Amino acid sequence: VQVELEDFCKNLIDEIQGLCKEKQQIHLQYTGNTEVWLDKQLLRNILFNLLSNGIKYSDAGKEITLKINAEADHVDMAVHDEGIGIPEKDQPNVFDRFFRAHNAGATQGTGLGLNIVKDYVTLMGGNVTFSSETGKGTTFFVYLPNVMPAQVKMD
Ligand code: ATP
Ligand code: MG
C-alpha cells in the first residue's frame, strides 16, 4: 500500500515516546517524497525495534534521531542514538537470534528484535547495516526499495 511515510513516522514516534515517558527524546528529520510504497506492518516492526533499542540502550536525557530520505525508487532510513554502543567483538552477532551483547547488562530483552528487523528488511528487498562505538553510540542504516507493486489484471 501507499504510505504517508512522514505522518506514519510521527505517529509511531508519539506512540513510543508515550511508552518511554520522555526519558529520551526522539527526533525526526524527514526529507524527500511523503508517499511511498512500503508494507506498513513490516515497516512498523522495523522502526519500532530500532527506535526502542535506541531508547533501551541509552541513558535518560539522550536523544534518538530517525533520519529518513524518501526518493522515487528507494527509501533510506537511519536510527541514531548516543547510547552504550555495541562492543566490537559482539558486532558480527547482533542479527543472530537470541544474541545479546556483553554490555547489555541488566536491560531486559530476548535478543530477537534485530533478527526480526533483518528478516523483514530482507523480505522487502532491502538491506540493513550499522556502525557503533562503545560509549559513543550506534546508528542503524536501512535501505528499502520503493516500488509500486505490479498491477494484477483479471479478465
Ligand atoms: P528484544 O528481542 O526485546 O529486542 P534485545 O533488544 O536484547 O531484545 P535485539 O534488539 O535483537 O535484542 O538486539 C540484540 C543485542 O544487540 C541487544 O541485546 C544489545 O546488546 C545490542 N543492541 C541492539 N541495539 C543496540 C543499540 N542501539 N545500542 C547498543 N546495543 C544495541
Ligand atoms: Mg531490541
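Read-outs: derived from the displayed coordinates by stated rules, not from any lab. Just so you know, these numbers come straight off a predicted model, no measurement behind them. Virtual Cβ from ideal backbone geometry, glycine too; neighbours counted across all protein chains shown.
Expressed in nm to one decimal, what extension gain is obtained for the pair L28 and E88 from 0.36 nm per residue of sequence separation less their Cα-Cα distance?
18.8 nm
Of all DSSP beta bridges in region 23-155, what percent run antiparallel (nearest 5)?
Among the beta bridges of region 23-155, antiparallel pairing accounts for roughly 75 percent.
If packing is taken as the average count of other Cβ atoms within 10 Å, what order do 64-73, 49-58 fall into, highest mean first?
49-58, 64-73
Can you figure out the FRET efficiency of T122 with D155, using R₀ = 25 Å and their beta-carbon distance, to the nearest 0.05?
It comes out at approximately 0.15.
Loop only by DSSP, 10 or fewer other Cβ within 10 Å of the Cβ. Give me the trypsin sites (Lys or Arg not before Pro) in region 6-39 that pass, ordered by residue number. Please list the in-between numbers first.
Details: sites: K10, K21, K23; in loops: K21, K23.
Sites meeting the loop and neighbour criteria: K21.
So how tilted is helix 40-56 from the main axis of the chain? Cα-based, degrees 0 to 90, rounded to 10.
Approximately 20 degrees, to the nearest ten.
With an 8 Å Cα cut-off and a minimum separation of 6 or more residues, compute the relative contact order for the chain in percent.
Over the chain, the number comes to 24 percent.
Go through P145, Q24, P92 and say which Cα lies farthest out towards the positive end of the charge dipole of the chain; charges sit on Cβ, +1 for Lys and Arg, -1 for Asp and Glu.
P92
Between region 77-121 and region 7-73, what is the C-alpha centre distance in whole Å?
Using only Cα atoms, the two centres lie 17 Å from each other.
Can you tell me the 0 to 90 degree angle between the C-alpha axis of helix 5-19 and the longest principal axis of the chain, rounded to 10?
Around 30 degrees separate the two axes.
Please list log₁₀ I(q)/I(0) at q = 0.12, 0.16, 0.24 Å⁻¹ for region 16-127, using the Debye equation with identical point scatterers on the alpha-carbon positions.
The Cα Debye sum returns log10 ratios of -0.45, -0.81, -1.49.
Just rank T139, T34, T110, fewest to most, by other beta-carbon atoms within 10 angstrom.
In order of increasing Cβ crowding within 10 Å: T110, T34, T139.
Can you list the lysines whose alpha carbon is less than 29 Å from that of K10, not counting same-chain residues fewer than 8 positions off?
K21, K23, K40, K56, K62, K67, K118, K136
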